[in-house]
Amino acid sequence: MGGWDDMIVEDTFCEAFDGIFTRMIVTADDVKTLRRAAYDATATPGTVIGRVEGGIESWLSESETPDQRPGAILQFWYGTSDLEKFEVELSYRIRQDILVKPFTSLFNASHDSEGFIDTMKHVGHCGDGYEWEEKLYGRDMIIVPIAIPDFKIERKIGYSKGIMGANLWYMCKNKQAVMEGGENAIKAMKSVSGVITPFDICSAASKPETNYPWIGPTTNHPYCPSLKKKLKDSMVPDQVNYIPEIVINGENMEKVKNAMKAGINALEAVDGVLMVSAGNYQGKLGDHKIYLKDLIN
C-alpha cells in the first residue's frame, strides 16, 4: 500500500476522557524478573470495571535508574477523580505483582505532579508495623521486610491528570493484517514518550449501553463480523473480517494525538488493512473528541 488513497481513514472521531495516573520506575536484579513484574502489574486493563489499568511506557538501562539496575517506566491509570479508591486499587497491583517478585524496588517517576500518594498506608504497612524508612539513592524510601529481604518503595508517588481511552480501530481483511498492523502501530505509538497502550491489540471493542448492566461493557455488536449476516444494522464494511482496537492513554492531548497519528501512518503500510476508524459513541462516552481527519491533514 502506498498512500492515503489506498487505505481509507474514516471521517469520524474517537472519544477520550480525563483520568488520573501515576508514573513509576520498577527495578530488579535481572531482566527476567523485571519483565515479569512489569507485565504482571500492567496485564489487566480495568478502568471500565472500576479498577486501575496500566502499561509499560519504556524499558530502562542500568544507567537510567535510581539504583543502577535494569528498570522499566510503568504508568497506572484510573478513570475517576476518587483518589482514595485509586490508591487502594493501585496498591493491589504493587503488592500482588511487584512486591512479591524477588529483589524488586519501586520509585516515583512523575513530573509536574498535581499531588502525591503516600505509599505507607496501603503498601508500606505490608511490613505489619516492622517497616522502616531510609534515605537511599537520594530518595525517601520505605523498607518493607519480607522473606526475601526486602522490598523498597519510595514513600511519595506523584499523580497527575491525563487523557485516556483514545482509540483506533483498524479494519482488516485477514489475520496477518491484524497482528502485523497492530504490532507496527503500537511500536510507532511507543516512539511518543508519555504514552501507553493498555490493551495492546484488543479484540473486543465495547459500547456504553448494554442489555446486561451487571456485567458492564458488552460487545459492540454492529461491529462484530460474525454477526454481519444476522443484523440489519451491521456496520462491518465489505471485505472486512476483523476489527481490532488499540486504546491510547497519554500524559496530555498533544502526546495522545501524536501517538494516534504515528499509529495511522504505521497501519497505512500494512497490506490487508483496509480502513482506520475509531470508537464514535455520539459523545456518550468521553469528554474529548479526536477527529481522525485532523490527524492526517
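The values are calculated or read from the model by the stated rules, or taken from the named source; none is laboratory data. These figures come from a predicted structure and were not determined experimentally. Note that each Cβ is placed from the backbone with ideal geometry, even for glycine, and that neighbours are counted across all protein chains shown.
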> Among (1) in the same structural domain as Leu285 (by TED's automatic domain parsing); (2) in contact (Cβ under 8 Å) with a residue 40 or more places away in the chain; (3) under 22 Å from Trp59 (Cα atoms), where does Ala177 come up short?
Replying inline: (3)
>> For the condition more than 17 Å from the chain's Cα centre (by Cα), more than 15 Å from Gly165 (Cα to Cα) and touching a residue at least 24 places away in the same chain (Cβ under 8 Å), what is the one hit in Met235, Met275?
In response: Met275
> Among the residues of region 238-245, is any within 20 Å of Ile8 (Cβ to Cβ), without any contact (Cβ under 8 Å) to a residue 24 or more places away in the chain and not hydroxyl-bearing (Ser, Thr, Tyr)?
Replying inline: yes
> If you check Pro225 against the conditions, is it assigned by TED's automatic domain parsing to the domain that holds Gly182 and more than 30 Å from Gly194 (Cβ to Cβ)?
Replying inline: yes
>> Looking for something of a type in the set (S, T, N, Q) and under 20 Å from Ile73 (Cα atoms) - is there at least one such residue anywhere in region 233-245?
In response: no
>> Go through (1) modelled with pLDDT under 95; (2) crowded, with 18+ Cβ neighbours inside 10 Å for Asp233 and report which single condition fails.
In response: (2)
>> Can you say whether Pro102 is more than 20 Å from Lys190 (Cα to Cα), more than 21 Å from the chain's Cα centre (by Cα) and surrounded by fewer than 16 Cβ atoms within 10 Å (Cβ to Cβ), as far as the supplied structure shows?
In response: yes
> Any idea which residue in region 179-200 is surrounded by the most Cβ atoms within 10 Å (Cβ to Cβ), counting only those that are farther than 12 Å from Lys261 by Cα and of a type in the set (S, T, N, Q)?
Replying inline: Thr197
> Is it the case that region 212-221 has a residue that's closer than 17 Å to Tyr281 by Cβ, modelled with pLDDT of 95 or more and not in a loop (DSSP other than H, G, I, E, B)?
Replying inline: yes
> Out of region 33-61, which residues are part of a helix (DSSP H, G or I) and of a type in the set (A, V, I, L, M, F, W, C)?
Replying inline: Leu34, Ala37, Ala38, Ala41, Val48, Ile49
> Looking at (1) assigned to a strand (DSSP E or B); (2) surrounded by fewer than 19 Cβ atoms within 10 Å (Cβ to Cβ); (3) in contact (Cβ under 8 Å) with a residue 40 or more places away in the chain, which is the only condition Ile153 fails?
Replying inline: (2)
